[in-house]
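Coordinate-derived values only; no laboratory data. The structure displayed is predicted, hence computed values, not measured ones. For neighbour counting, all protein chains shown are included, and Cβ atoms are generated from backbone atoms with ideal geometry for every residue, glycine included.
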Amino acid sequence: MSIVVPLPGQEPLAEALASALAARTCAAALRRFPDGESHARLLSPQEIAGCDVVLAATLDRPDEKLVPLALVARACRDAGARRVVLAAPYLAYMRQDCVFSPGEGVASRAFGALLSAIFDGLCTIDPHLHRHASLGEILSIPSRVASASGPIASWIRSEVPSAVVVGPDEEAEQWARSVADLASVPSLVLRKRRLGDRAVEIEAPASLPEGRVPVIVDDILSTGGTLVQVVGALRRAGAPPPVAVAVHAVFAEDPRARLREAGLARLVTCNTIAHETQAIDVVPPLAEAVRDLLSSLSA
Ligand code: R5P
């Protein structure tokens, strides 16, 4: 039997996941001691014994979540959980996937090692796999990757049927092409050069398919710098006001005013991270991945 435990603050995700898995939930509470250390407690620990626990926690702003995550997972084990797996719709640190400057370590590997020490398995949605071919390169526990492509393609079919899907760069090509194929619309991939944490340069496309509305599809919206530049490049190439879809609404800052100024018609995101722009539900593929992981762990 499985039971979903939210990292405190992630109750809506846990409820949605539990309903998709036909599982119960068990709440946890978190507080801080006067010295700043965290304290986690399951509210009905007796319900956990013998269960497979699915800890629901999306991992944007990961540094502040990591210790509470480890404490809640430990509480589940101490309450007799059979296994504890993490359902993290957004997996952080995946963009730090190599040594960019001398003296750094590969942060994605460090983060993966920490999660592998806490959990028996992990499910996520569209992790930023660029220089790592799979999560197996950074995790030593079984994992499953769900995709937002199907739900995004359905949204495009119903909201922007005359779309051309635009990927901002080669890193987004994997999502742009699969979304376009599933939505049966054309796609194109632009070229991006990163100049700094907030600054990127996008090459304007030489031509655009006639009569199509660009729908920019990217995995992560963080500062919005990429999206602002893509919108500008498309408008310079003569495109109508584009629409943008991001899987993970990290929103390190709010770029919506800059996006409007650049000429963006509409911005929507998936519900891997709660945000008011969310319009696309990706809990069903995540639940499917969790189901598959748990059944393979039991086999
Ligand atoms: C990078 O390779 C990703 O696919 C996104 O394009 C990037 O993370 C977006 O970041 P920002 O919103 O800060 O430009």
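Listing for the model above:
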item	result
Gain on full stretching of the segment that runs from residue 292 to residue 195 - 0.36 nm per residue minus C-alpha separation	30.9 nm
Net charge over other residues, Cβ less than 15 angstrom from the Cβ of residue 38 (K, R count +1; D, E count -1)	+2
Packing-based exposure ordering (other Cβ within 10 Å, fewest first) of 1, 94	1, 94
Full-stretch length increase - residue 41, residue 67 - with 0.36 nm per residue and alpha-carbon distance subtracted	8.0 nm
Rounded to 10°, Cα long-axis angle of helix 62-78 versus longest principal axis of the chain	30 degrees
For segment 143-247, share of DSSP beta bridges that run antiparallel, in % to the nearest 5	20 percent
Candidates 286, 59, 30, ranked by Gaussian network fluctuation over the chain, Cα under 10 Å, top entry	30
Exposed-site-free run, longest, the chain (rule: GluC sites (Glu not before Pro); DSSP loop; at most 14 other C-beta within 10 Å)	105-202
Whether segment 81-129 is rounded, prolate or oblate, judged on the alpha carbon gyration tensor where a/c under 1.5 counts as rounded	oblate
Potential extension, residue 98-residue 19 segment - 0.36 nm per residue separation minus Cα distance	24.6 nm
Mean separation of Cα contacts under 8 Å, 6 or more apart, over the residue count of segment 146-299: relative contact order %	20 percent
More than 35 Å apart - percent of Cα-Cα pairs taken over the chain	22 percent
Per-peptide average of other Cβ atoms within 10 Å, ordering 291-298, 127-134, 161-168 highest first	161-168, 127-134, 291-298
Cβ charges +1 (Lys, Arg) and -1 (Asp, Glu), total dipole of the chain, debye	100 debye
Estimated inter-spin distance, residue 173 and residue 157, nm [label 7 Å along Cα→Cβ]	2.6 nm
Whether segment 1-50 is rounded, prolate or oblate, judged on the alpha carbon gyration tensor where a/c under 1.5 counts as rounded	oblate
Whole-number percent relative contact order across the chain, with pairs defined as alpha carbons under 8 Å at least 6 apart	13 percent
Pairwise FRET efficiency - residue 260 versus residue 29, Cβ, R0 = 51 Å, nearest 0.05	0.80
Mean Cα-pair separation over length for segment 24-124, i.e. relative contact order, pairs under 8 Å, 6 or more apart, %	25 percent
Local electrostatic count at residue 4 - Lys and Arg +1, Asp and Glu -1, tallied over other residues with Cβ under 9 Å	0
Compactness relative to 2.2 N^0.38 Å, alpha carbon Rg of segment 220-299	1.41
Neighbourhood charge, 15 Å Cβ-Cβ cut-off, centred on residue 288 and excluding it, Lys, Arg +1 and Asp, Glu -1	-1
Overall dimensions of segment 46-158 as given by Cα atoms, namely Rg and Dmax in Å	15.6, 50
